[in-house]
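All remarks here apply to the structure that follows.
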Amino acid sequence: MKFHLLITALFSVSLAWAEPQMEMHRVQATTRDPSGWYLAASTHGSFSVLIPIPFNDFTVTDDDPTAGRIKTHTVGAKSAEGIKFSATEAPIFVGKSPGDLAALPQQLKKSGQTVSEIDTSSFAGYPSVSFAQLGATSGVYTRYVKTPKSLIVVILEYPLDQAKVADELKSTFLTSLNITNTEQGRGANALPRAAHD
């Protein structure tokens, strides 16, 4: 169970002929937040999160025969212990993006995955769902937030031997999401302060 499989399943658009192009904005960025964590504000996305270690900030561009040019914005980091933090924003496509976020955990359960800690409360006024998944060798805490123009996915993935550490980090990480603009791709170069809960 890998977090990128979750993103791929939800953001996939049939990419017929071009390889995705990645533009790296920052590598191992160390913009500190007063909390002591790092403020990972997406350079061209419309969101920020707090990450406890230095992070990368990048945009992936793909050309799709039906949807046109698609830009996906991500900030993320991986610790020496194998704990992965990421937040990704992708545009919403009718028929391609999930319509009912609250149904996602049930869909995962039907496929045989262990899903718990389901919360369908709205987040910052937007439809949202968060939940935990547990596999044979790893676990994942995930939050999906659907704005009028984009879907933002915040993921903390960890190897099972790091479950206690991940549990201590999940609340700060998942609730630190700050949405700075509801129109995907319009938050270019904005470095807002992340909200604290």
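So which of Pro65, Pro105, Pro34 is over 15 Å from the mean Cα position of the chain (by Cα) and closer than 24 Å to Phe131 by Cβ? Every option except Pro105 fails the conditions. Restricting region 40-78 to residues that are out of contact with any strand residue (DSSP E or B) (no Cβ under 6 Å at 6 or more places or on another chain) and touching a residue at least 60 places away in the same chain (Cβ under 8 Å), the residue that is farthest from Pro91 (Cα to Cα) is Pro52.
Quick check, is Gly112 of a type outside the set (Ser, Thr, Tyr), part of a loop (DSSP other than H, G, I, E, B) and farther than 24 Å from Ser138 by Cβ?
no
Readers should treat all values here as calculations from the given coordinates under stated rules, not as data from a laboratory. As the structure is a computational prediction, the values presented were derived from the model and not from experiment. Ideal geometry is used to build each Cβ from the backbone, glycine not excepted, and the neighbour counts take in all protein chains shown.
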